[in-house]
Every structure is written in structure tokens, then in C-alpha cells.
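Note sheet for the following structure.
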Amino acid sequence: MFSHVVIFWTDPANPKAAEELMAGAKKYLPGIPGLVSFHIGKMVPSHRPVVDQTYQVALNLQFAEKEAQDKYQSHPLHLEFVEKAFKPNCKRVIIYDFE
């Protein structure tokens, strides 16, 4: 199993940025071949100081192997998501990939 976790900091100038980003992810990403699991959601506040609460949205994708994730990166639907939902709504992103 290969996990691709993306943490998004949305544009504070756009109060609907988180919703628009999530809607775009749900529109473009789930049908991409090789994707085993798709989950996107807003940051959940926590009383625990170890929990990062500076971001607005997280995306968790799972693939059977790294090669499927590599193909996902250049898939036209992923590229469309980047152009139409990510770039207009986000100021920063961090990605964690692990097996």
C-alpha cells in the first residue's frame, strides 16, 4: 500500500476556498485509475497541542503501489484538479508519501 497525504492551506482572501477545493477534489480525483481509497476533509480542532491546526483541508489517497501514484501525478484529471481547484484556492501545500 502507498499513501499520498496532502495538507492544504487555503487562501484566506476567499472564504469559500476550502469548500471549492474539496468540491474540485471530489469532482476530479476519485475516478483516476489505480486509486484504492479517497478521503478529503477539513481540519478538526483538537485540544491536544501535538495536533497541527494551522491548515484548512487534508487529502488522503491510497494506491496499491507507488507506480500507481506516479501515474496519478500525470493523469489529465489530476492536472485539471491542480489548475481548476488547487491553484485558485491554495497558498501552501505539504505532501507526505509513505509505504
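The values are calculated or read from the model by the stated rules, or taken from the named source; none is laboratory data. Predicted model, so just to flag it, every value in this text is computed and none were measured. Reconstructed Cβ throughout: ideal geometry from the backbone, glycine too, with neighbour counts over all protein chains shown.
Observations on the structure shown:
- Residue within the stretch 47-61 that is surrounded by 11 or more Cβ atoms within 10 Å (Cβ to Cβ) and over 28 Å from Asn14 (Cβ atoms) present: no
- Residue check for Phe63: hydrophobic (A, V, I, L, M, F, W, C), at negative phi and touching a Cys at 6+ places or on another chain (Cβ under 6 Å): no
- Scanning the stretch 67-77 for residues that are surrounded by 12 or more Cβ atoms within 10 Å (Cβ to Cβ) and of a type in the set (D, E, K, R) yields a total of 2.
- Extreme residue, nearest to His78 (Cα to Cα), among residues of the stretch 18-51 that are of a type in the set (Ser, Thr, Tyr) and not in a loop (DSSP other than H, G, I, E, B): Tyr28
- Filtering the stretch 14-42 to residues that are small (Gly, Ala, Ser), within 20 Å of Ile94 (Cα to Cα) and surrounded by fewer than 17 Cβ atoms within 10 Å (Cβ to Cβ) leaves Ala23, Ser37, Gly41.
- The listed residues are His4, His78, and the only one of them that is touching a helix residue (DSSP H, G or I) at 6+ places or on another chain (Cβ under 9 Å), touching a residue at least 24 places away in the same chain (Cβ under 8 Å) and in a strand (DSSP E or B) turns out to be His4.
- Qualifying residue in the stretch 52-66 (condition: at pLDDT below 95, farther than 14 Å from Ile7 by Cα and not in a strand (DSSP E or B)): no
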